[in-house]
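What follows is calculated from the coordinates using simple rules that are stated; it is not laboratory data. Since this is a predicted model, take the numbers as computed values, not measurements.
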Amino acid sequence: MKLVFLCTHCKKSNYLKSNALSRSELHREYGDIVTAKCEHCPNVNKLELTDIRAEANPLYERLSALVLLLSGGAVVFIVFSLWAVGLMPTLGGVAALATTFIGLPVTVTYLIIRQEDDKVWRFNIHR
């Protein structure tokens, strides 16, 4: 989760360096007013806690695409390897391979992304 604020001068998005998971943790870390320098202009912003919002980390979306690509490639590789040595996999065998090599990693990745989205929602709901 990344904490984002808009610069009051140039109106560009900036990231706040904090590991706070809630506004109360952010309040304990910075107090009522957060002072943050803009990365795009020389302006120093004095922000209230309500001016800061959370965004999901895009790394998790890229991770899910990579997991799906690798697990799908693993199923295709295994099916063609079995076919090359003369062991024709049955439809049930292919389904079992797909469930194991695609279903399980995709489910775990989905749960991780859902947890990240839940953190973002919990932070942003108290604006």
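Miscellaneous remarks
- Computed over the chain, relative contact order equals 28 percent, with contacts defined as Cα pairs under 8 Å that lie 6+ residues apart.
- Gyration tensor over alpha-carbon atoms, the chain, equivalent ellipsoid semi-axes in Å: 47, 15, 8
- From helices alone, the chain scores -16500 deg cm²/dmol at 222 nm; the rule is -39500 (n - 2.57) for each run of n ≥ 4 DSSP H residues, then divide by the residue total.
- Helix 58-84 and the longest principal axis of the C-alpha atoms of the chain enclose an angle of approximately 10°.
- Distance cut-off 17 Å, percentage of C-alpha pairs in region 83-124 lying past it: 54
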